[in-house]
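Enquirer: Structure below; questions to follow.
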Amino acid sequence: MTPERIAELNALCDAATPGPWFRDTTSDTGKWEFSDPDWNEFFEVIKGNGPCNKERLAVRKWSEEHGRWVRNALKKADARYAMPLA
């Protein structure tokens, strides 16, 4: 996807530009300038230190705890099932 196409889609959705690394250099030509993202921040998010990681894990833990009764009700006592992780 080209930077021009990203800008078009943002305009259609009334969205802001994706970030400070993506900006309109000359509004009369419509060309966009972009640079590499902050790779240190990127790798921190990949390692689990992102802004939404704690919230995501809390929701997952809550879902596991509050959905346990459903999984137990569906199990047969003499059958063995593989429980999915997600």
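The values are calculated or read from the model by the stated rules, or taken from the named source; none is laboratory data. Values in this document were obtained by computation on a predicted structure and should not be read as measured data. Don't worry about glycine lacking a Cβ; one is built from the backbone with ideal geometry, like all the others, and counts go over all protein chains shown.
Enquirer: Being within 18 Å of the chain's Cα centre (by Cα), surrounded by 10 or more Cβ atoms within 10 Å (Cβ to Cβ) and not hydrophobic (A, V, I, L, M, F, W, C) is the filter; apply it to segment 27-43 and report the residue that is modelled with the highest pLDDT.
Expert: Glu41
Residue-by-condition table, conditions (1) assigned to a loop (DSSP other than H, G, I, E, B); (2) exposed (fewer than 12 other Cβ atoms within 10 Å of the Cβ); (3) modelled with pLDDT of 80 or more:
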residue	(1), (2), (3)
Glu4	no, yes, no
Leu9	no, yes, no
Thr25	no, yes, no
Val45	no, no, yes
Ala58	no, yes, yes
Lys61	no, yes, yes
Val70	no, yes, yes
Lys76	yes, yes, no
Met83	yes, yes, no
